[in-house]
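Chemist: Before we start, here is the structure in question, set down as structure tokens.
The values are calculated or read from the model by the stated rules, or taken from the named source; none is laboratory data. Since we're looking at a predicted model, the values are computed, not measured. Using ideal geometry, Cβ is built from the backbone for each residue, glycine included, and neighbour counts are taken over all protein chains shown.
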Amino acid sequence: MASPIKVAVIGAGRPWRTEGATGFGMSHRHWIGFKETGRAELVGVCDLMVDRAKAYAADHNPQARTYTDYTEMIRKESPDYVCVSLWPHLHAVTVKAVAALKPKGILCEKPMDVDWDAALAMHEACVAHGVGLMINHQRRFNKPFLEAKRLITSGAIGKLVRLDSAWHNFQDSGTHLLDMLFNLNGDEAATWVLAQADTRGGRKVFGALQESHGIIDFRFANGVRACHRAGKDYKDLGCIVRATGETGVVEIVEDGPRWIRVRQDGGGWDYPDTGGESIHDDAAIGRGIADFVAAIEGNREPLLGSRNALRPTEVIFAAYESALRRARVDLPLPAAPSALRKLAAEQGTEF
Ligand SMILES: NC(=O)c1ccc[n+]([C@@H]2O[C@H](COP(=O)([O-])OP(=O)(O)OC[C@H]3O[C@@H](n4cnc5c(N)ncnc54)[C@H](O)[C@@H]3O)[C@@H](O)[C@H]2O)c1
């Protein structure tokens, strides 16, 4: 029988749209995902606001001990897996501190961090300590996207030639869309990025500034071209992800009930059945966690591992660098803080 898994969570925000919520309370969804393995025990809950940690334990396991200091929690509880559900500027610093205490794995929320050097450092710290790091780009496991990947890899649209996406921003939820382009192209590296971003009128999401309008043009090493558009007019693309092959097209849309469509050149749309599952379904989180645990136990890379997450993250930070320099940026992008600070200052936007 598979051995039990001890889980601890850092950041116990109240669930979305409930009293006292400051965000989505993603760690609740992480625990539900771990619980689905049938082997998990919630041993510790940490939040700076102790009432949130206590409420979380009351919701999921009243036996779990509560903490306000995550280092103390990990030292006392020795969890196998630690979930980090904090706002983005705290991701790298927390993941590095947790990695030094050597759990088997860390599940950190997206985006990796607000700086490229920090994102690289959190990945490298986990590699150095032999700790698995999952970044919650869970949409790779939503059925419409699983079906899109299946169609592309089975040759249903011929050789893939370009990928397009459109969303509100680059860095917050936009990271899911950029990650999806890499997923659909077999996690090839990107070679260059040419981009522009307008921060004027941009708003902060989880404390991090998002551009109000932007575009990222980039190329993959296998020659596939890609473009991500962001801003209030993002719906103009007519879908949120489009994969164009030599003989057909697959599109994913934001609103159901038909989330995916595929057509051959000259033909009409077919709508593959995804069992009614949307692109937003939390079932994907449990599937991502199951793959993460299996990967750690099987000594392989998880699909949502930080190695895969670094590629779209690099494109996002290269896009800010390109916008600042008004020039193409060739990859790899050297480790550095985000160019978004300087870009915002040039554009008169508070960072
Ligand atoms: N994957 C997704 O689809 C998805 C969806 C929504 C949000 N997110 C991401 O999830 C992350 C967390 O967002 P959330 O909605 O869970 O936030 P939240 O505001 O609901 O919860 C954050 C909690 O962290 C606590 N906290 C802050 N600093 C702490 C510290 N040093 N130690 C312990 N606790 C601390 C806060 O008190 C708060 O309770 C963000 O990066 C966000 O982008 C991901």
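Chemist: Conditions: (1) within 16 Å of the ligand (Cβ to nearest atom); (2) more than 25 Å from C239 (Cα to Cα); (3) out of contact with any Leu (no Cβ under 8 Å at 6 or more places or on another chain). H129 meets all but one. Number of the miss?
Modeler: For H129, the exception is condition (1).
Chemist: A follow-up question, please. Between residues in region 14-32 that are outside any loop (DSSP other than H, G, I, E, B) and residues that are near the ligand (Cβ under 6 Å from one of its atoms) and among the acidic types (D, E), which pairs lie under 9 Å by C-beta distance while being six or more apart or on different chains?
Modeler: Pairs that qualify, where the first residue is outside any loop (DSSP other than H, G, I, E, B) and the partner is near the ligand (Cβ under 6 Å from one of its atoms) and among the acidic types (D, E), are M26/E109; S27/D47; S27/E109; H30/E109.
Chemist: For region 332-351, give me the residue count where each residue is under 22 Å from G202 (Cβ atoms), of a type in the set (A, V, I, L, M) and part of a loop (DSSP other than H, G, I, E, B). Give the steps one after another, and end with the answer.
Modeler: Taking region 332-351 first, the residues under 22 Å from G202 (Cβ atoms) are 333, 336-351.
From what's left, of a type in the set (A, V, I, L, M): 333, 336, 339-340, 343-345.
Imposing the further condition that a residue be part of a loop (DSSP other than H, G, I, E, B) reduces the set to 333, 336, 339.
So the answer is 3.
Chemist: Please go through (1) away from the ligand (no atom under 14 Å from the Cβ); (2) free of Cβ contacts under 8 Å to residues at least 12 places away in the same chain; (3) not β-branched (V, I, T) for E72 and return the number of the only condition it doesn't satisfy.
Modeler: Tallying (1) away from the ligand (no atom under 14 Å from the Cβ); (2) free of Cβ contacts under 8 Å to residues at least 12 places away in the same chain; (3) not β-branched (V, I, T), E72 fails exactly one: (1).
Chemist: Any residue at all in region 82-95 that is over 16 Å from the mean Cα position of the chain (by Cα), within 14 Å of the ligand (Cβ to nearest atom) and farther than 28 Å from R139 by Cβ? Give the derivation first.
Modeler: Pass one, region 82-95, residues over 16 Å from the mean Cα position of the chain (by Cα): 82, 93-94.
Restricting the remaining residues to those that are within 14 Å of the ligand (Cβ to nearest atom) gives 82, 93-94.
Retained after the next criterion (residues that are farther than 28 Å from R139 by Cβ): none.
There is no residue in region 82-95 that is over 16 Å from the mean Cα position of the chain (by Cα), within 14 Å of the ligand (Cβ to nearest atom) and farther than 28 Å from R139 by Cβ.
Chemist: Separate question: Can you tell me which residue in region 11-52 is nearest to T68 (Cα to Cα), limited to those that are more than 11 Å from the ligand (Cβ to nearest atom) and among the hydrophobic types (A, V, I, L, M, F, W, C)?
Modeler: Among residues in region 11-52 that are more than 11 Å from the ligand (Cβ to nearest atom) and among the hydrophobic types (A, V, I, L, M, F, W, C), the one nearest to T68 (Cα to Cα) is V43.
Chemist: Sort out which residues of region 183-209 are under 18 Å from K143 (Cα atoms) and either within 16 Å of the ligand (Cβ to nearest atom) or buried (at least 24 other Cβ atoms within 10 Å of the Cβ) (or both), and write them in order of number. Quick ask: steps written out before the conclusion?
Modeler: Keep residues of region 183-209 that are under 18 Å from K143 (Cα atoms), which gives 183-186.
Correct list: N183, L184.
Chemist: A8 versus (1) hydrophobic (A, V, I, L, M, F, W, C); (2) more than 8 Å from the ligand (Cβ to nearest atom); (3) over 24 Å from the mean Cα position of the chain (by Cα): which is the lone unmet condition?
Modeler: The number of the failed condition is (3).
Chemist: Same structure again: For region 80-97, check the following and say yes or no: at least one residue is aromatic (F, W, Y), assigned to a loop (DSSP other than H, G, I, E, B) and either assigned by TED's automatic domain parsing to the domain that holds A121 or out of contact with any Leu (no Cβ under 6 Å at 6 or more places or on another chain) (or both). Lay out the reasoning, then the answer.
Modeler: Residues of region 80-97 that are aromatic (F, W, Y), as a first pass: 81, 87.
Checking the rest, the ones that are also assigned to a loop (DSSP other than H, G, I, E, B) come to 87.
From what is left, the residues that are either assigned by TED's automatic domain parsing to the domain that holds A121 or out of contact with any Leu (no Cβ under 6 Å at 6 or more places or on another chain) (or both) are 87.
Yes, because at least one residue in region 80-97 is aromatic (F, W, Y), assigned to a loop (DSSP other than H, G, I, E, B) and either assigned by TED's automatic domain parsing to the domain that holds A121 or out of contact with any Leu (no Cβ under 6 Å at 6 or more places or on another chain) (or both).
Chemist: Taking E211 and the conditions (1) of a type outside the set (A, V, I, L, M); (2) under 22 Å from A119 (Cα atoms); (3) within 16 Å of the chain's Cα centre (by Cα), which numbered condition does it fall short on, given that it satisfies the others?
Modeler: (3)
Chemist: Just to be sure, is H213 assigned by TED's automatic domain parsing to the domain that holds N169, of a type outside the set (G, A, S), surrounded by 22 or more Cβ atoms within 10 Å (Cβ to Cβ) and out of contact with any Pro (no Cβ under 6 Å at 6 or more places or on another chain)?
Modeler: On the way: assigned by TED's automatic domain parsing to the domain that holds N169: yes; of a type outside the set (G, A, S): yes; surrounded by 22 or more Cβ atoms within 10 Å (Cβ to Cβ): no; out of contact with any Pro (no Cβ under 6 Å at 6 or more places or on another chain): yes.
No; evaluated as a whole, the condition is false for this residue.
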